[in-house]
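Novice: I am attaching a structure below and will ask some questions about it afterwards.
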Amino acid sequence: MFDVIISGCGPTGAMLAAELRLHDVRVLVLERLTEPTSYARIVGLHIRSLEILAMRGLLDRVLPHGRRRPAAGFFAAIDKPAPAGLDSAHAYLLGIPQPVIVGLLEEHAIALGAQVRRGAAVVDLAQDADGVTVTLADGEQTTTRYLVGCDGARSTVRKLLGVGFPGEPSRNDTLMGELAVGVPDEEIAAAARELRATDRRFSISPVGTGVYRVIVPAAGVSDRAEPPTLADFTRQLRKVAGTDFGVHDPRWLSRFGDATRIAERYRLKRVLLAGDAAHIHPPIGGQGLNLGVQDAVNLGWKLAAQVRGWAPETLLDTYEAERHPVAADVLDNTRAQIELLSTEPGPRAVRRLLTELMDIDEVNRRLIEKITAIDIRYDFGQGPDLLGRRLPDLDVKQGRLYDLLHAGRGLLLDRTGRLTVGGWSDRVDHVADPTGERCVLLRPDGHVAWIGDDQRGLDEQLTRWFGASRQLVALAQ
């Protein structure tokens, strides 16, 4: 029996597998595709995701494969500069081919001991008080203590659970692809500037010598269930731009819609949902992959604690309590951004007004922090504003803070030299650091669980997040 089976080896599933392996959880990842996706769609890693990679010692491995650009122009593609002094050591966007980041995360999970099986599609599940039996397409059955559906927007796991997926269906489809062009770059740049002034859903931008990423409305294109063709792109480009730019030899072609949905619940007994299986939204702002990776880091240590037997009674329930509102906020901001792309007079007027308001630094900063997920504050109860927020990658006596989080454990930054993690030392590291002002307890996901200087208050929060101390467990036995 595996401790956890993960359905889906995309970025969410691979990241979750790695997080679980940090705690010696026996993990099997089942992926229905026999080979990794080959087309090189470029995705953007936002600030919080870059911080997470730094927290796990992965960022230096990822950076050489990507291209940095300023953390700006994300909200509804309104062209404003990045706010000065964003509170992060990684205040930029990293553009990277999706197969590359997924491959790196999968390699990381396997190196930590996760098993990955390709060509293994989940078709049925049954759970009881002891575990989950998973049935594969070839009839094989395997058992696990927990199952996590990271199997995308059409999640089989979610459907088998019968969990509702309310929201709005797609109203406006868009074609996206990377194609070679047959006209000079200068001609394309001039046409793009003219068209973008009136139609924000159109984009054509270089991604290599003679190759462009094309985004064009798909209105009137053939059946949504069918993959788009080169002919679809040429026809839509002529309709929107008056020319097809001589596009040919596509690297990859896809279609996306603006459907917006969120699962009614993220957990049903021993089965959980994460990533696109739990929420979908338009890709504007580039938040989707980032949201899934952040789901995985929130869930991983909590599910591991449940498996390892030290989780407080309600810890696993905090996954949905914390991440469902975050996803709901992403759905709302993408809804707003989609409206601001409309060519109708009302939305265009609102866009002009917001463009003017974003000249105010605090407005621009608020929207960038929202898109990049560094504004998230989980509700841990009353306390200083920092409580529930992520702590940036600070300089500490031992070097950089995130370098101390590679093992996925909790961390006490003790500014007094008087505190101790005592009976929680198997789950929480203690670092004496007189360089700062406040003692803080960090959860494995980097969020601040406690701020103070008294041992009693610290012990209460250690118990809340990391269960009973070893001494209490020994007494109970």
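The values are calculated or read from the model by the stated rules, or taken from the named source; none is laboratory data. Small disclaimer: the values here were computed from a predicted structure and weren't measured. So basically every Cβ, Gly included, is an ideal-geometry build from the backbone, and we count neighbours across all protein chains shown. Ligands, DNA and RNA are stripped out before the accessible areas are found, and what is left, the full protein with its side chains, is counted by its heavy atoms. Shrake-Rupley method; radii C 1.70, N 1.55, O 1.52, S 1.80 Å.
Novice: Pick from the stretch 169-184 the residues that are of a type in the set (S, T, N, Q) and open to solvent by 20 Å² or more (accessible area, probe 1.4 Å): which of them is modelled with the highest pLDDT?
Specialist: Taking the stretch 169-184 first, the residues of a type in the set (S, T, N, Q) are 170, 172, 174.
Applying the additional criterion that residues be open to solvent by 20 Å² or more (accessible area, probe 1.4 Å) yields 170, 172.
Values: SER170: 87, ASN172: 83.
Selected residue: SER170.
Novice: Conditions first: (1) in contact with a Pro (Cβ under 9 Å, 6 or more places away or on another chain); (2) farther than 25 Å from GLY95 by Cα. ALA231 passes all but one, so which condition is the exception?
Specialist: (1)
Novice: If you take the residues in the stretch 185-238 that are in a loop (DSSP other than H, G, I, E, B), among the charged types (D, E, K, R) and surrounded by fewer than 18 Cβ atoms within 10 Å (Cβ to Cβ), which one is modelled with the lowest pLDDT?
Specialist: Filtering the stretch 185-238 for residues in a loop (DSSP other than H, G, I, E, B) gives 197-202, 209-210, 218-229.
Then keep just the ones that are among the charged types (D, E, K, R); that gives 199-201, 223-224, 226.
From the residues that got through so far, the ones that are surrounded by fewer than 18 Cβ atoms within 10 Å (Cβ to Cβ) too are 199, 223-224, 226.
On the way: ASP199: 74, ASP223: 62, ARG224: 66, GLU226: 78.
Ranking the candidates gives ASP223 first.
A quick yes/no check of all residues on (1) at pLDDT 95 or above; (2) touching a Pro at 6+ places or on another chain (Cβ under 6 Å); (3) not in a helix (DSSP H, G or I):
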{"position": "ASP258", "(1), (2), (3)": "no, yes, yes"}
{"position": "ARG265", "(1), (2), (3)": "yes, no, yes"}
{"position": "ILE284", "(1), (2), (3)": "no, no, yes"}
{"position": "ASP295", "(1), (2), (3)": "yes, no, no"}
{"position": "GLY300", "(1), (2), (3)": "yes, no, no"}
{"position": "ALA304", "(1), (2), (3)": "yes, no, no"}
{"position": "ALA311", "(1), (2), (3)": "yes, no, yes"}
{"position": "ALA327", "(1), (2), (3)": "yes, no, no"}
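Novice: I need every pair where a residue in the stretch 249-267 that is among the polar types (S, T, N, Q) has its Cβ under 8 Å from the Cβ of a residue that is open to solvent by 50 Å² or more (accessible area, probe 1.4 Å) and not in a loop (DSSP other than H, G, I, E, B), sequence separation at least 6 or different chains.
Specialist: THR260/GLU168; THR260/ARG335
Novice: Let me ask something additional. Looking only at the stretch 265-317, which residues are of a type in the set (Ser, Thr, Tyr) and either open to solvent by less than 10 Å² (accessible area, probe 1.4 Å) or within 20 Å of ALA373 (Cα to Cα) (or both)? Break it down stepwise before answering.
Specialist: We begin by selecting, within the stretch 265-317, every residue of a type in the set (Ser, Thr, Tyr); these are 266, 314.
Once the filter is applied, which keeps residues that are of a type in the set (Ser, Thr, Tyr) and either open to solvent by less than 10 Å² (accessible area, probe 1.4 Å) or within 20 Å of ALA373 (Cα to Cα) (or both), the stretch 265-317 yields only TYR266.
Novice: Can you pull out every residue in the stretch 127-147 that is outside any strand (DSSP E or B) and either exposed (fewer than 12 other Cβ atoms within 10 Å of the Cβ) or out of contact with any strand residue (DSSP E or B) (no Cβ under 9 Å at 6 or more places or on another chain) (or both)?
Specialist: Filtering the stretch 127-147 for residues outside any strand (DSSP E or B) gives 128-131, 137-140.
Within the stretch 127-147, ASP128, ALA129, ASP130, ASP138, GLY139, GLU140 qualify.
Novice: Where residues in the stretch 31-60 are surrounded by fewer than 15 Cβ atoms within 10 Å (Cβ to Cβ) and of a type in the set (Gly, Ala, Ser), which of them is farthest from ARG251 (Cα to Cα)?
Specialist: Checked the stretch 31-60; the qualifying residue farthest from ARG251 (Cα to Cα) is GLY57.
Novice: Just one of ARG377, ARG323, ARG348 is over 27 Å from GLY300 (Cβ atoms) and either more than 25 Å from the chain's Cα centre (by Cα) or modelled with pLDDT of 95 or more (or both); which is it? Let's see the steps before the verdict.
Specialist: Numbers: ARG377 fails: over 27 Å from GLY300 (Cβ atoms); ARG323 fails: over 27 Å from GLY300 (Cβ atoms).
Within the list ARG377, ARG323, ARG348, the selection yields ARG348.
Novice: Turning to a different aspect of this structure: Take the residues in the stretch 148-168 that are of a type in the set (D, E, K, R) and crowded, with 21+ Cβ neighbours inside 10 Å, then tell me which one is farthest from ARG265 (Cα to Cα). Write out each step before concluding.
Specialist: If we filter the stretch 148-168 for residues that are of a type in the set (D, E, K, R), which is where we start, we get 151, 154, 158-159, 168.
Retained after the next criterion (residues that are crowded, with 21+ Cβ neighbours inside 10 Å): 151, 158.
Details: ASP151: 16, ARG158: 10 Å.
That would be ASP151.
Novice: So which pairs qualify, if the first residue must be in the stretch 432-447 and in contact (Cβ under 8 Å) with a residue 40 or more places away in the chain, the second must be of a type in the set (S, T, N, Q) and surrounded by 15 or more Cβ atoms within 10 Å (Cβ to Cβ), the Cβ gap must be under 6 Å, and the two must be at least 6 apart or on different chains?
Specialist: ASP445/ASN298
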